[in-house]
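Colleague: Here it is: the structure, laid out below.
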Amino acid sequence: MIRKLGKKFDKLEYWALIISLAVMVVVIFSQIVMRYVFNNSLTWSEEFARYLFVWFSWMGVSAGLKDGEHLKVEMLSVALAKRGLVKTNEVVNILVSLVWLATTLIVTYYGLKVVMGQMQLSVVTPAMRLPVWLGYLSIPACSAVVGIRLIVKILDSIKVMLGKPSHEMEVDS
């Protein structure tokens with residue numbers, strides 16, 4: 001059940017990224033056409049594209065983690081394995097994921113504080129008159145998703161260390 005829910009969330013995230021990128025391109029292209037062809041620019045397009053880009057970027061962190069696309073430094077695990085300090089790369093993966101998880105929890109906590117502060121101030125954007133906290137909400141919301149993905153990654157690494165098949169290695173049914 002949890003795995004099915006995870007796959008549905010992955011699809012939702014995938015389509016949200018595709019749609020947000022497409023909308024961003026259309027809005028920016030429309031702004032360019034309006035400005036240079038009709039000598040009249042859209043008042044809201046830059047602000048809208050900026051907020052959409054922020055959400056797109058934070059969602060991309062989660063998608064990159066899911067697909068293993070983030071930069072890794074393999075030197076540490078190779079050096080530790082050579083010296084016999086670790087038997088498997090999974091130990092290093094767990095340590096790195098734990099540090100990343102701690103950082104993510106801090107970002108989520110302080111991101112929520114910023115969102116709550118913006119909600120109390122009732123600040124709105126200049127062009128679209130939307131609450132500013134909607135843009136800031138991307139930070140704690142997407143960080144929480146990254147945190148969940150990191151916990152799953154840590155559990156998968158522990159399973160591999162115990163000789164059990166991980167979530168990533170299992171065949172889709």
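Colleague: Can you pull out the trypsin sites (Lys or Arg not before Pro) in segment 11-96 whose DSSP state is coil and whose Cβ has at most 13 other Cβ atoms within 10 Å? If you can, show how the numbers build up before the last one.
Modeller: Working: sites: LYS11, ARG35, ARG50, LYS66, LYS72, LYS82, ARG83, LYS87; in loops: LYS72, ARG83, LYS87.
Counting only loop positions with at most 13 other Cβ atoms within 10 Å, the trypsin sites (Lys or Arg not before Pro) in segment 11-96 are LYS72, ARG83, LYS87.
Colleague: Another question about this same structure. Pairs of alpha-carbon atoms within less than 8 angstrom and 6+ residues apart define the contacts here; what relative contact order does the chain have, in percent? Can you show the working numbers first?
Modeller: Working: 136 pairs, mean separation 38.5, N = 173.
Computed over the chain, the figure is 22 percent.
Colleague: Now a separate question. What Kirkwood radius, in Å to one decimal, follows from the Cα pairs of the chain?
Modeller: About 18.9 Å, per the Kirkwood formula over Cα pairs.
Colleague: May I pose another question? So between THR103 and LYS87, what do we pick up on full extension, going 0.36 nm a residue minus the alpha carbon distance?
Modeller: Numbers: separation 16, 0.36 × 16 = 5.76 nm, distance 2.61 nm.
So the chain would gain 3.2 nm between THR103 and LYS87.
Colleague: Sequence-distant or interchain residues sharing an amide H contact under 5 Å with VAL124, placed H: which?
Modeller: VAL132
Colleague: Let me ask something else. What is the angle, in °, between the Cα long axis of helix 2-37 and the longest principal axis of the Cα atoms in the chain? Nearest 10 is fine, range 0 to 90.
Modeller: Its long axis makes an angle of about 30 degrees.
Colleague: Mind giving me the nanometre distance, one decimal, between the label points for GLN120 and ILE158, set 7 Å out from Cα along Cα→Cβ?
Modeller: It is 3.7 nm.
Colleague: Taking GluC sites (Glu not before Pro) as candidate sites, keep only those in a DSSP loop with at most 16 other Cβ atoms within 10 Å, then name the longest stretch of the chain containing none of them.
Modeller: Values: sites that count: GLU69, GLU74, GLU168, GLU170.
Maximal segment without exposed cleavage sites: 75-167.
Colleague: Okay, moving on. Given the options TYR109, ALA22, MET34, identify the residue whose Cα lies farthest towards the positive end of the charge dipole of the chain (+1 on Cβ of Lys, Arg; -1 on Cβ of Asp, Glu).
Modeller: Of TYR109, ALA22, MET34, it is TYR109.
Colleague: Please give me, ordered by residue number, the chymotrypsin sites (Phe, Trp or Tyr not before Pro) of segment 34-107 that lie in loop per DSSP and have at most 10 other Cβ atoms within 10 Å.
Modeller: Working: sites: TYR36, PHE38, TRP44, PHE48, TYR51, PHE53, TRP55, PHE56, TRP58, TRP100; in loops: PHE38, TRP44.
Of the chymotrypsin sites (Phe, Trp or Tyr not before Pro), the ones in loops of segment 34-107 whose Cβ has at most 10 other Cβ atoms within 10 Å are PHE38.
Colleague: Using Cα pairs under 8 angstrom and six or more residues apart, how large is the relative contact order of segment 1-100, in percent?
Modeller: 20 percent
Colleague: Run the dipole for segment 2-161 about the Cα centre, Lys and Arg Cβ at +1, Asp and Glu Cβ at -1, nothing else charged, and hand back the magnitude in debye, nearest 20.
Modeller: Working: 17 positive and 9 negative charges, 99 e Å.
That gives a dipole near 480 debye.
Colleague: Need one number for segment 51-152: average projected area of the convex hull over its C-alpha atoms, nm². Write out the running numbers ahead of the final one.
Modeller: Details: hull surface 29.4 nm².
Taking a quarter of the hull surface, the average projection is 7.3 nm².
All of the numbers you see were taken from the coordinates with simple rules; none came from a lab. Computed from a predicted model, the values in this text were never measured in an experiment. Here Cβ is always computed from backbone atoms with ideal geometry, including for glycine, and neighbour counts include all displayed protein chains.
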